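First the structure, in the form of structure tokens, and then the observations on it.
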Amino acid sequence: MTLTRLLSPLTSLVIFILGHGMFNTLLTVRLSAEQVSVQAIGLVSAAYFGGLVLGAFVNARLIIRVGHIRAYAAYASLLCFLFLLHGMVVEPITWAALRLVGGFATGGLFVVLESWMLVSSTPANRGRLMSLYMILLYGSLAMGQLLLKWVDPMVLTPFALCAMAATLSVVPLALARVSTPAMVAPQRVGVLELIRLTPAGMGSSFTSGLLLGAIYGLLPLYFTDSGAPLSRVADMMALVILGGMCLQYPIGRLSDRYDRRLVILLLSALLTVLALLMVGLPGTWRDAAAGTLVFLLGGMAFSIYPLSLSHACDELRPDQVLGANQGLLLAYSLGAMIGPLLAPFVMVQVGPEGLFVYFALCGALLAAYLGWRKRQRAPIPLAEHQVFIPVPPNTPMSAELEPRTDLAGEAVPASFATPDEDVATEEPTRG
């Protein structure tokens with residue numbers, strides 16, 4: 001029964017992410033071809049994450065009022081319109097405004113999909129479901145990069161393909177014959193309290209956002225400015241995402257056996273070394289090793305957020321885990337919004353390689369901060385470590401989807417119920 005209930009949202013996820021993954025890189029490639037400044041490209045990328053921040057704790061309330069399927073259809077239709085408008089009006093300030101709205105709508109789609117998966121699962125199978133979700137999410141994201149190899153970024157066609165994917169993703173949900181979830185608004189997040197309780201977790205999550213925001217928004221620019229053809233840009237972006245997908249779990253399992261702050265510190269140091277190799281290696285060596293280097297760099301960068309979340313869960317009481325998920329997601333989102341605005345300053349001074357100088361600076365600063373934190377607070381005993389779970393930094397709903405939330409003693413997450421129809425009650429209450 002669980003698989004039947006999940007088939008619709010997971011199919012919609014794959015279809016939408018194929019177009020979404022291609023669209024993210026397509027924008028950077030097109031702006032680069034239009035000779036737009038790196039600061040403007042960074043602004044367009046930052047606007048998307050700004051939309052995610054705005055919608056992170058607003059979309060849930062909107063979905064409560066209209067129901068999941070209708071909300072998903074509305075968000076997907078809005079994204080279809082925005083994707084097409086990007087291809088028709090190529091102007092960076094306009095694109096920044098469109099990306100702000102697009103980030104809000106994309107966050108809404110993830111809220112629908114993740115909340116649907118939550119009520120369709122049980123604490124016993126939620127860990128396996130999260131792993132499947134991660135594989136489909138990152139696998140589709142990587143495949144979307146490869147689709148760029150067969151399109152011309154200078155015409156409307158690839159924008160139309162992305163719009164088609166957004167629209168088509170509505171079909172599996174619209175035809176679903178299973179009951180859909182209702183929910184109430186998520187809890188408030190005590191960000192300042194979380195900074196006090198788990199400073200290493202919050203700092204690592206923020207730095208993860210600084211890194212991933214720049215990777216998604218500016219890494220394609222590095223390769224295009226370095227003279228790489230579109231097919232190589234697509235391959236490199238697919239490799240960095242696959243690195244994040246493949247290395248998260250083994251790195252996470254390693255963190256179950258050692259102080260997680262030490263593991264994140266080592267990841268940050270290794271990320272710094274990899275970034276400096278991309279800057280310092282001779283051109284022929286760098287070209288030959290680029291695929292391996294970006295694969296490993298992606299593995300390091302994408303692993304920092306779930307490790308920081310696991311570290312926070314180790315430090316907090318079970319009833320604080322949900323708030324920690326949401327607070328760390330907010331820290332990540334703010335970092336992802338700021339990163340594409342900071343990195344261009346380094347790129348202007350150094351050139352395209354400045355992006356990797358920026359990555360090295362982020363990694364070195366995080367390693368130094370965690371080294372200092374290790375001297376301020378003793379590590380969590382290994383016996384108190386919770387099992388690592390790879391968690392995507394998408395929406396607050398992923399906080400309740402992961403099994404660690406159930407340690408608080410709730411048989412069913414408080415934010416959700418399962419009604420017979422896709423309607424919300426007028427006065428939802430917490431169970």
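What follows draws every value from the coordinates through simple rules; no lab data is involved. Treat the numbers as computed from the prediction; the structure is a model and nothing was measured. FYI the Cβ positions are ideal-geometry reconstructions off the backbone, even for glycines, and counts take in every protein chain you see.
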Going by how many other Cβ atoms sit within 10 Å of their own, how do Ile69, Ile251 line up, fewest first? Ile69, Ile251
In order through segment 27-40: 3J(HN,Hα) via Karplus (6.51 cos²θ - 1.76 cosθ + 1.60), integer Hz, x for Gly, Pro: 4, 5, 4, 5, 5, 4, 5, 7, 6, 7, 5, 5, 5, 5
Reduced to Cα centres, the span from segment 326-369 to segment 212-281 in Å works out to 13 Å
Please arrange Cys246, Cys162 by how many other C-beta atoms lie within 10 Å of their C-beta, fewest to most. Cys246, Cys162
Hull shadow area, averaged, segment 153-290 [alpha-carbon convex hull, nm²]: 13.7 nm²
Under Karplus coefficients 6.51, -1.76 and 1.60, residue-wise ³J(HN,Hα) of segment 131-144 in Hz, glycine/proline x: 5, 4, 4, 4, 4, 5, 5, 6, x, 5, 4, 5, 4, x
Treating the Cα atoms of segment 38-154 as identical point scatterers in vacuum, please give the log10 of the normalised Debye intensity I(q)/I(0) at q = 0.11 Å⁻¹, two decimals. -0.46
Once amide H atoms are placed 1.01 Å from N in the peptide plane, what residues at a sequence separation of 5 or more from Tyr258, or on another chain, have their amide H within under 5 Å of its amide H? none
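Among Trp116, Trp372, which comes first, then next, by fewest other beta-carbon atoms within 10 Å?
Lowest to highest Cβ neighbour count: Trp372, Trp116.
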In Hz, Karplus ³J(HN,Hα) per residue of segment 273-287 (6.51, -1.76, 1.60; θ = phi - 60°; x = Gly, Pro): 5, 4, 5, 5, 5, 5, 8, x, 5, x, x, 5, 5, 5, 4
